[in-house]
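Participant: I'd like to ask some things about the structure below.
What follows draws every value from the coordinates through simple rules; no lab data is involved. What you are looking at is a predicted structure, and each value in this text was computed from that prediction instead of being measured. Cβ atoms come from the backbone with ideal geometry, glycine included; neighbour counts cover every protein chain shown.
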Amino acid sequence: MKFITILLTLLGLNIVLAKESKLTVVSYNIKHGVNMQGELKLEDTAKVLKAMKADVIALQEVDHDAKRSGKVNQTEFLGKALKMHHVFGKAMDFQGGGYGQAILSKYPILETKVYKLPGDGEPRIALEVVVEPVKGQKISFVSVHLDYRSEEKRQPQIKFLLEALKSVKHPVVLLGDFNARPKSDSMKLFKDEWYNVPKVGNPLTMPADVPKGEIDYFLLRGLKTAGVTCEVIEEKNVSDHRPLKMVIEMLKF
């Protein structure tokens with residue numbers, strides 16, 4: 001790299017070469033801290049997340065002061081345990097508190113937005129945060145937890161979100177529990193503008209003990225990288241989903 005820089009300088013070319021830095025992102029449906037034995041063990045969730053050393057974490061199925069979870073603000077608990085900035089997005093009122101999604105970030109959270117997705121049944125949202133992992137480069141991380149019941153229920157939610165995200169001009173990482181199989185019509189809605197990051201190794205994410213389905217994903221739009229890898233972490237007990245981890249080789253100029 002140093003030799004190339006000197007050569008370009010001697011040639012009179014005012015070119016700044018890109019450097020790289022790693023950005024680690026995790027998505028995890030935590031089932032409000034309940035493990036495969038039905039035990040509430042949010043401290044185990046924290047241990048799993050801590051071991052992955054992520055810069056940004058998107059969590060689905062998060063309780064906020066709900067009775068079933070001991071009236072614990074789970075977002076705050078995990079944020080403090082991992083020493084990360086954190087924000088909760090409420091999908092609905094639940095048992096004296098709330099239920100929804102959370103995002104944790106090593107970087108300050110500059111903006112937050114909750115998108116209420118269309119549909120009947122359990123209310124669904126997408127939670128967006130904006131951070132700046134590289135100086136001068138904002139990225140939106142948008143966590144989703146889509147309807148599990150049918151293609152007909154999911155597709156309007158996806159179409160609504162894609163339309164809403166057109167206003168975001170900087171790069172976007174869309175991640176979470178899509179409740180859709182890879183070749184479904186739901187996932188085909190992303191094919192034109194989004195890069196569905198392929199998984200290395202076994203791509204199945206749930207149920208955690210003996211996974212049979214791939215329904216959790218990372219999708220990228222407008223993000224220039226030197227490379228990206230994604231893998232399902234083999235965690236069999238802490239939730240009914242396995243966590244998904246992505247490492248992005250970020251370009252810095």
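Participant: With θ set to phi - 60° and the Karplus curve 6.51 cos²θ - 1.76 cosθ + 1.60, what are the ³J(HN,Hα) couplings of segment 53-64 in order, to the nearest whole Hz, using x for Gly and Pro?
Facilitator: Per residue, the Karplus-derived 3J(HN,Hα) values read 6, 7, 8, 9, 10, 10, 10, 10, 6, 10, 8, 9 Hz.
Participant: Right, something else. Give the separation of the Cα centroids, segment 48-62 to segment 180-206, in Å.
Facilitator: When both Cα centres are located, 20 Å separates them.
Participant: In addition: May I ask which residue of 150, 239, 94 lies farthest towards the positive end of the charge dipole of the chain, with charges of +1 (Lys, Arg) and -1 (Asp, Glu) on Cβ and the Cα centre as origin?
Facilitator: Comparing the listed Cα positions along the dipole, 239 ranks first.
Participant: Okay, helix-only estimate at 222 nm for the chain: each DSSP H run of n ≥ 4 adds -39500 (n - 2.57), divide by all residues, round to 500 deg cm²/dmol; what do you get?
Facilitator: My calculation for the chain gives -5000 deg cm²/dmol from helical runs alone.
Participant: Still on this model: Rounded to the nearest 20 debye, what is the charge dipole size of the chain about its Cα centre when +1 sits on each Lys and Arg Cβ and -1 on each Asp and Glu Cβ?
Facilitator: In debye, rounded to 20, the chain gives about 680.
Participant: Let me ask something else. Given the Cα-Cα distance of residue 151 and residue 41 and 0.36 nm per residue of separation, how much length would full extension add, in nm?
Facilitator: Separation in residues times 0.36 nm, less the Cα-Cα distance, equals 36.3 nm.
Participant: Decide, for segment 42-137, between rounded, prolate and oblate: order the square roots of the alpha carbon gyration tensor eigenvalues as a ≥ b ≥ c, take rounded if a/c falls under 1.5, and otherwise choose prolate if a/b is larger than b/c, else oblate.
Facilitator: Oblate, since a/c reaches 1.5 and b/c is not below a/b.
Participant: Right, next: Is any residue of segment 29-64 close enough, with backbone N under 15 Å, to a label point placed 7 angstrom from the Cα of residue 236 along the Cα-Cβ axis, and if so, which?
Facilitator: Counting only backbone N, you get 36-37.
Participant: Now a separate question. Mind checking which lysines have their Cα closer than 19 Å to the Cα of residue 113? Skip sequence neighbours fewer than 8 apart in that chain.
Facilitator: Within the straight-line limit of under 19 Å, residue 113 reaches these lysines: 90, 138, 159, 166, 169.
Participant: Which value, in debye to the nearest 20, gives the size of the charge dipole of segment 28-97 about its Cα centre, when Lys and Arg are +1 and Asp and Glu are -1 at the Cβ?
Facilitator: So the dipole magnitude of segment 28-97 works out to roughly 160 debye.
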